[in-house]
Amino acid sequence: MPNYYVFLGPPGAGKGTQAKIVADTLQLSHVSSGDIFRANLSNQTELGKLAQGYMNRGELVPDDLTISMIRDRLQKPDCGKGAILDGFPRTPAQAEALDIMLRENAGEVVFVPLISVPNNLILERMTGRWSCRAAGHVYHSKYNPPKQAGVCDLDGSELYQREDDKLETVQKRLDVYEKQTAPLIAYYSAQGKLVEIDGSLEITQVTASLLQALAGK
Ligand code: AP5
């Protein structure tokens, strides 16, 4: 049965950083809703144009658009044996839709790490974040700097700072997380799938905690 892992946590907690490392380690696909939206945005697709305003304001893109985008992605062959989901689901309606779409392929969400980080650290992480244009590889000017400033170590593409990492937008995203996404903590707790991971530690330590928790599943 294909197993799916939902990485949950506030914006800037390190979901993307950890999801990439764990996906590489376990040889699973990494599905990031934010990365898919950003790729659509830079390619100026209809979906990208529709999502842009919501993203720049720090709001969630409407459920119907997001669910259908993820359904398309999960139907790709590389997700057939399971995947790590980062940034999706983010509302109870998305979580219920995910359960239904996975069940259609005899899959299920088996593990939900909640990466917890206090708000003061989140602000520091987001304002120091640099992302690569080609594939969304993530760096931090202080905690995870690239070898050469402004250039991705992995693919040589340009590093940029995200439009939604401005202080006032980050604050809005944290509010949206509390109101719309935090209810998923109770949803997955009730199913016995949620494990809280201390995301305030160093990147390698967070990875070790995640892999240890995953090994028990
Ligand atoms: P999305 O891209 O998903 O943003 P997010 O969930 O807000 O998460 P981030 O990407 O900001 O942070 P992260 O937790 O991945 O942290 P990272 O690893 O980068 O979504 C963006 C927007 O798209 C949304 O606002 C919404 O509009 C839309 N959207 C996306 N999904 C949607 C959905 N399902 N429904 C509706 N709308 C949706 O780390 C942050 C920084 O910290 C980096 O610089 C990193 O190097 C550094 N760092 C990471 N870990 C550590 C550590 N342990 N120690 C020190 N530094 C660290």
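Each reported figure results from applying straightforward, stated rules to the coordinates on display, with no laboratory input. The structure displayed is predicted, hence computed values, not measured ones. Here Cβ is always computed from backbone atoms with ideal geometry, including for glycine, and neighbour counts include all displayed protein chains.
What is the extension gain from residue 96 to residue 208, computed as 0.36 nm multiplied by their sequence separation minus the C-alpha to C-alpha distance, in nm to one decimal?
Contour length minus Cα-Cα distance gives 37.3 nm.
Using a Förster distance of 41 Å, how high is the FRET efficiency between residue 175 and residue 133, based on the Cβ-Cβ distance and rounded to 0.05?
0.90
Starting at 0 and stepping by 5 Å, how many percent of the alpha carbon pairs of region 65-196 end up in each bin?
Whole-percent P(r) values from 0 Å outward: 2, 9, 15, 17, 17, 18, 15, 7, 2, 0.
Hey, how many Å between the Cα centroid of region 102-159 and the Cα centroid of region 45-83?
Rounded to whole Å, the Cα centres lie 18 Å apart.
At a Förster radius of 41 Å, what calculated FRET efficiency corresponds to the Cβ-Cβ distance of residue 124 and residue 75, to the nearest 0.05?
The pair residue 124/residue 75 has a calculated efficiency of 0.60.
May I ask you to evaluate 6.51 cos²θ - 1.76 cosθ + 1.60, the Karplus curve with θ = phi - 60°, for each residue of region 111-122 and list the ³J(HN,Hα) values in order in whole Hz, giving x for glycine and proline?
Whole-Hz 3J(HN,Hα) from phi for region 111-122: 8, 10, x, 9, 8, 9, 9, x, 4, 5, 6, 4.
Which pairs in the list 20/166; 193/217; 20/81 are over 19 Å apart, alpha-carbon to alpha-carbon?
20/166, as the Cα separations exceed 19 Å there.
If I stretch the segment between residue 168 and residue 191 completely, what's the gain in nm (0.36 nm per residue apart, minus their alpha carbon distance), one decimal?
4.8 nm is the gain from fully extending residue 168 to residue 191.
Only loop residues by DSSP count here, and only those with at most 15 other Cβ atoms within 10 Å; note down the trypsin sites (Lys or Arg not before Pro) in region 8-84 that meet that.
The qualifying sites are 81.
Which of 91, 66 has the fewest other C-beta atoms within 10 Å, and how do the rest follow up to the most?
Least crowded to most crowded, the residues run 91, 66.
Using a simple charge model, +1 on the beta-carbon of Lys and Arg, -1 on the beta-carbon of Asp and Glu, nothing else, what dipole does region 8-95 show about its Cα centre, in debye to the nearest 20?
100
Could you point to the residue in 98, 65, 154 farthest towards the positive end of region 50-173's charge dipole, with +1 and -1 charges on the Cβ of Lys/Arg and Asp/Glu respectively?
My answer, from the dipole projection, is 154.
³J(HN,Hα) across region 40-52 via Karplus (A = 6.51, B = -1.76, C = 1.60, θ = phi - 60°), whole Hz, x for Gly/Pro?
5, 5, 6, 8, 6, 6, 4, 4, x, 5, 5, 6, 3
In region 73-88, which residues have a backbone nitrogen under 13 Å from the label point lying 7 Å from residue 104's Cα in the Cα-to-Cβ direction?
Residues 73-76 qualify, since their backbone N sits under 13 Å from the label point.
Under a Cβ-only charge scheme (Lys and Arg +1, Asp and Glu -1), can you give me the dipole magnitude of the chain about the Cα centre, in debye to the nearest 20?
In debye, rounded to 20, the chain gives about 180.
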